[in-house]
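Take a look at the structure below.
Throughout, read-outs are computed from the coordinates displayed, never taken from laboratory work. Bear in mind the structure is a predicted one, so any value in this text is a computation, not a measurement. Cβ coordinates were reconstructed from backbone atoms using ideal geometry, including for glycine residues, and neighbour counts include every protein chain displayed.
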Amino acid sequence: MHRHPLIMVCTCEIAGRVRGKAFPAGDLPSRLVKGVGWVPTNTMISCFGPIYSTPFGTTDDLMLVPDPATEVNVEFGDDSANEHFFLGDIRHLDGKPWSCCPRDFLRRGLAALKAETGLDLVSAFEHEFVYTGVEDAPGAPYSLDAYRRQGIFAEALIAALRSAGTEPDSFMPEYGARQYEVVVDPATGLASADRAVVLREITRATAHRLGHRAIFAPILSPDGVGNGVHVHFSLRDGNGRPAMYDAKGHLGLSLLGARFVAGVMHHLPALCAITAPSAVSYIRMRPNRWAPTHATLATQDRGAAMRVCPIWPGGEPGRQFNVEYRCADAAASPYLALGAIVWAGVDGIRHHRKLPHGEGAALPADLGTALDALEATAEAKTWFGETYLSAYLMHKRGELASLAGLDEAEQCARYAATY
Ligand code: GLU
Ligand code: MG
């Protein structure tokens, strides 16, 4: 069959699904300027498909403009179409950012951090997922056998991720049934969230070409083990030097580092509404699943909400030192999840917040409670802006209402089908 190459430009909005439009590859120069058409109500498309309610109606036009720095063009070496896409920004037709652009939410947070402190954020996302191309087998966690049985998937994935410009760090069989994990290297600012979007899509794309799925839903059954997204972060000064580490500081944190982390801790219940934004995210965050249940900060504890990671032998301690945010999952847009962490960290620096001591409070037990905490957070109105915050709350409450009457297993199944 004759074929003409296409390029897609995509965004990852409130639903955490990657959506966009494709155009003939030759049109790229003009599309880099004018983008593709987009509409406000698209941000209200739920992860399940329907728009349950919208403040935007059916009116207005926006453009989704590809960022040239984000180009992904992966050839899988089979007969399939390349995964050729860009990630983009949602703008008004005059080029100004739209107030509900998820990438701009993160960009503004990073700019606030820079303006307040001169610092940049370096981060890396760890992703767990279920690969449907293997059977569950007894004793599988971390086993060479579970690694072997995924066949060529892992090698095809690493090749595709490298070709997509991400730098894979590791791949492993994880603890849960048919669960694997892939980690890519850290990147600065916006690029790290772009990488997380690319990682999810390239993992799905690789599984798809092998006739299977990579499922990133937070948890697949109520008694199972969840798929977490762990966000490791640290701060760098304007010359790229580490700024979060102080060997003499509490838990190894510098003064600014401690304030940043204290801001994230302070806002954890509200942040959960953004970083763990599905109904079943709260089934993942239950005891004995290596997922957080309380707002705790601890050194080297995988049950904590925030984990101060170890420093390994060799290499500069300050460059290795990082804190891991463990309350996220892949139902969240990486732009919103990382943006929320940055905005809360900036708030901690602005208000000279102090690290909490002792047992942390329980995290919200369900999405509704987390959304109420977000709504009650005065600062969130400045992070998002009024329009974006109320659209976010409306979107997520609509999603919750659509699950009424479903038991936990049925809810898990609905999310597994979409993520
Ligand atoms: N699967 C766990 C989670 O949902 C994390 C396991 C780990 O520490 O890697 O966060
Ligand atoms: Mg893991």
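Label positions at Gln320 and Lys248, each projected 7 Å from the Cα along the C-beta direction, are separated by 2.2 nm.
Rounded to the nearest 20 debye, the dipole size of the chain about its Cα centre is 540 debye, using +1 on the Cβ of Lys and Arg and -1 on the Cβ of Asp and Glu. Annotation for the range 263-347: trypsin sites (Lys or Arg not before Pro) lying in DSSP loop with at most 16 further Cβ atoms inside 10 Å of their Cβ are Arg302.
For Lys248, a cut-off of 21 angstrom between C-alpha atoms picks up these lysines, skipping any fewer than 8 places away in its own chain: Lys354.
Once the chain from Glu408 to Asp169 is taken as fully extended at 0.36 nm per residue, the excess over their C-alpha distance is 82.6 nm.
Normalised size of the range 24-104, defined as Cα radius of gyration per 2.2 N^0.38 Å with N residues, equals 1.27. Of all DSSP bridge pairs formed entirely within the chain, close to 90 percent run antiparallel.
Neighbour counts of other Cβ atoms within 10 Å put Leu363, Leu28 in the fewest-to-most order Leu28, Leu363. The helix-only estimate of mean residue ellipticity at 222 nm for the chain, built from DSSP H runs of length n ≥ 4 each weighted as -39500 (n - 2.57), is -10500 deg cm²/dmol after division by the residue total.
About the Cα centre of the range 201-270, what is the dipole size in debye to 20, counting +1 per Lys and Arg Cβ and -1 per Asp and Glu Cβ, all else neutral?
180
Longest segment of the chain with no GluC sites (Glu not before Pro) in a DSSP loop having at most 13 other Cβ atoms within 10 Å? In the chain, the maximal stretch lacking such sites is 136-358.
Ordered by the count of other Cβ atoms within 10 Å of each Cβ, fewest first, Asp246, Asp194, Asp79 give Asp79, Asp246, Asp194. Computed from point charges on the beta carbon alone (+1 for Lys and Arg, -1 for Asp and Glu), the dipole magnitude for the range 68-219 about its Cα centre is near 380 Debye. Mind checking the full-extension length gain between Asn82 and Lys381? Use 0.36 nm per residue of separation minus the Cα-Cα distance, one decimal, nm. Taking 0.36 nm per residue and subtracting the Cα distance, the gain is 103.6 nm. Neighbour counting of Cβ atoms within 10 Å sorts the residues Val74, Val229, fewest neighbours leading, into Val74, Val229.
Over the chain, the pair-distance histogram of Cα-Cα distances with 10 Å bins from zero comes to 5, 22, 33, 28, 11, 1, 0 percent, rounded to whole numbers. Taking 0.36 nm per residue of sequence separation and removing the Cα-Cα distance, the His2/Thr58 pair yields an extension gain of 16.5 nm. Straight-line cross-link reach from Lys396 at under 19 Å between alpha-carbon atoms covers these lysines, not counting any fewer than eight positions away in the same chain: Lys381.
Quick check for you: which residues of the range 349-377 have the amide N under 17 Å from the point 7 Å beyond the Cα of Asp301 toward its beta carbon? Under cut-off, by backbone N: 355-364.
Rg and Dmax of the range 234-332, both derived from C-alpha coordinates alone, stand at 14.5, 42 Å. Mean separation of Cα pairs under 8 Å and 6 or more residues apart, divided by the residue count, gives the chain a relative contact order of 18 percent. Comparing Pro66, Pro55, Leu32 along the charge dipole axis of the range 30-89, the residue lying farthest to the positive side is Pro55, per the Cβ-charge model.
Put +1 on the Cβ of every Lys and Arg and -1 on every Asp and Glu Cβ in the range 201-328; which of Phe233, Ala217, Gln320 then has its Cα farthest towards the positive end of the dipole? The residue sitting farthest along the positive end of the dipole is Ala217.
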